[in-house]
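Asks: Before we start, here is the structure in question, set down as structure tokens.
The values are calculated or read from the model by the stated rules, or taken from the named source; none is laboratory data. Predicted model, so just to flag it, every value in this text is computed and none were measured. Here the Cβ positions follow ideal geometry from the backbone for every residue, glycine too, while neighbour counts run over all protein chains shown.
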């Protein structure tokens, strides 16, 4: 942007996002410049964010910022109080809780806020997916030196799968923290596996941006503790290299039981990021449901849950 002038400076990612959105909704082109403390990897932190606009829009921009100043401050104050419990579950305290809020903001909510609404979590989800993949790959490389490349790849796919992410999100009670548009909330968005799984990835990115790689790695180790422990103790078969559908079929055949039937119970999310829900029936009874980004993944998840129920003695009710 040529002939630009500074109109706002902050250390808060969310404050910068709120002001940028406010200016753009009023047809003012705005540019953000971030000063980094350290390097992006392994210790990324923003030292400050400066917003600039063209000289001809300086007065209009300043008037808008002043007019909405109290609203912006109230918003920042509110999020400082709302996320204390979630931070304790994450075992991480944000320097900029605005990143936490953005990680929980669905696009439907961002579109509805016509005044100072911030950004949604889609970009954070993209970054979080990459950070999660790197951290899990690093852990498997170090913790499973005897596994070949194929085994480690399959383990990684299972660990970062939508099913695993959704369960982690449910354990964190993320659904109740999601910031959704009115329509999405009414349609049951807080319980949609795809939204919960995406929010987990966005949270990982938020921690990475707020505290750096080490903080993100510590968060992932905390959230994936149970899965990582099972890998170390039980080897590949307990975490997903096993074909659960085949194992379930073999178990049922040995017990003289009818074979399972899989049916599509529903889908959620946009075409490029659809989440499938599969129901598994034994006879007339629905034994389990599985979720996944493909039908095959969802079927495997449903079969895994059914095996856990059967081995746990739940066959009496079927």
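Asks: Determine whether residue 129 is in contact with a helix residue (DSSP H, G or I) (Cβ under 8 Å, 6 or more places away or on another chain), surrounded by 15 or more Cβ atoms within 10 Å (Cβ to Cβ) and not assigned by TED's automatic domain parsing to the domain that holds residue 230.
Replies: Working: in contact with a helix residue (DSSP H, G or I) (Cβ under 8 Å, 6 or more places away or on another chain): yes; surrounded by 15 or more Cβ atoms within 10 Å (Cβ to Cβ): yes; not assigned by TED's automatic domain parsing to the domain that holds residue 230: no.
Spelling it out, it is not the case that residue 129 is in contact with a helix residue (DSSP H, G or I) (Cβ under 8 Å, 6 or more places away or on another chain), surrounded by 15 or more Cβ atoms within 10 Å (Cβ to Cβ) and not assigned by TED's automatic domain parsing to the domain that holds residue 230.
Asks: Quick one: is residue 140 surrounded by fewer than 21 Cβ atoms within 10 Å (Cβ to Cβ), touching a helix residue (DSSP H, G or I) at 6+ places or on another chain (Cβ under 9 Å) and in a helix (DSSP H, G or I)?
Replies: On the way: surrounded by fewer than 21 Cβ atoms within 10 Å (Cβ to Cβ): yes; touching a helix residue (DSSP H, G or I) at 6+ places or on another chain (Cβ under 9 Å): yes; in a helix (DSSP H, G or I): yes.
Against the criterion (surrounded by fewer than 21 Cβ atoms within 10 Å (Cβ to Cβ), touching a helix residue (DSSP H, G or I) at 6+ places or on another chain (Cβ under 9 Å) and in a helix (DSSP H, G or I)), residue 140 qualifies.
Asks: Shifting gears a bit: For the condition out of contact with any strand residue (DSSP E or B) (no Cβ under 8 Å at 6 or more places or on another chain) and surrounded by 22 or more Cβ atoms within 10 Å (Cβ to Cβ), what is the one hit in 219, 259? Full working, then the answer.
Replies: On the way: 259 fails: surrounded by 22 or more Cβ atoms within 10 Å (Cβ to Cβ).
Sole residue among the options that is out of contact with any strand residue (DSSP E or B) (no Cβ under 8 Å at 6 or more places or on another chain) and surrounded by 22 or more Cβ atoms within 10 Å (Cβ to Cβ): 219.
Asks: Looking only at region 143-176, count every residue that is out of contact with any strand residue (DSSP E or B) (no Cβ under 6 Å at 6 or more places or on another chain) and part of a helix (DSSP H, G or I) and tell me the total. Break it down stepwise before answering.
Replies: The first filter runs over region 143-176 and keeps only residues out of contact with any strand residue (DSSP E or B) (no Cβ under 6 Å at 6 or more places or on another chain), leaving 143-161, 164-165, 167-176.
Those left that are additionally part of a helix (DSSP H, G or I): 143, 149-159, 164-165, 167-171, 174-176.
The number of residues fulfilling the criteria is 22.
Asks: Name every residue in region 76-93 that is at pLDDT below 90 and under 19 Å from residue 201 (Cβ atoms), in order of residue number. Break it down stepwise before answering.
Replies: Kept after step one, since they are at pLDDT below 90, are these residues of region 76-93: 76-85.
Hit for region 76-93 is 83, nothing else.
Asks: Condition test on residue 223, is it more than 22 Å from residue 143 (Cα to Cα) and touching a helix residue (DSSP H, G or I) at 6+ places or on another chain (Cβ under 8 Å)?
Replies: Details: more than 22 Å from residue 143 (Cα to Cα): no; touching a helix residue (DSSP H, G or I) at 6+ places or on another chain (Cβ under 8 Å): yes.
Judged against the criteria, residue 223 is not a match.
Asks: Can you pull out the residues in region 25-70 that are outside any loop (DSSP other than H, G, I, E, B), more than 28 Å from residue 173 (Cα to Cα), touching a helix residue (DSSP H, G or I) at 6+ places or on another chain (Cβ under 9 Å) and modelled with pLDDT under 80?
Replies: 34, 46
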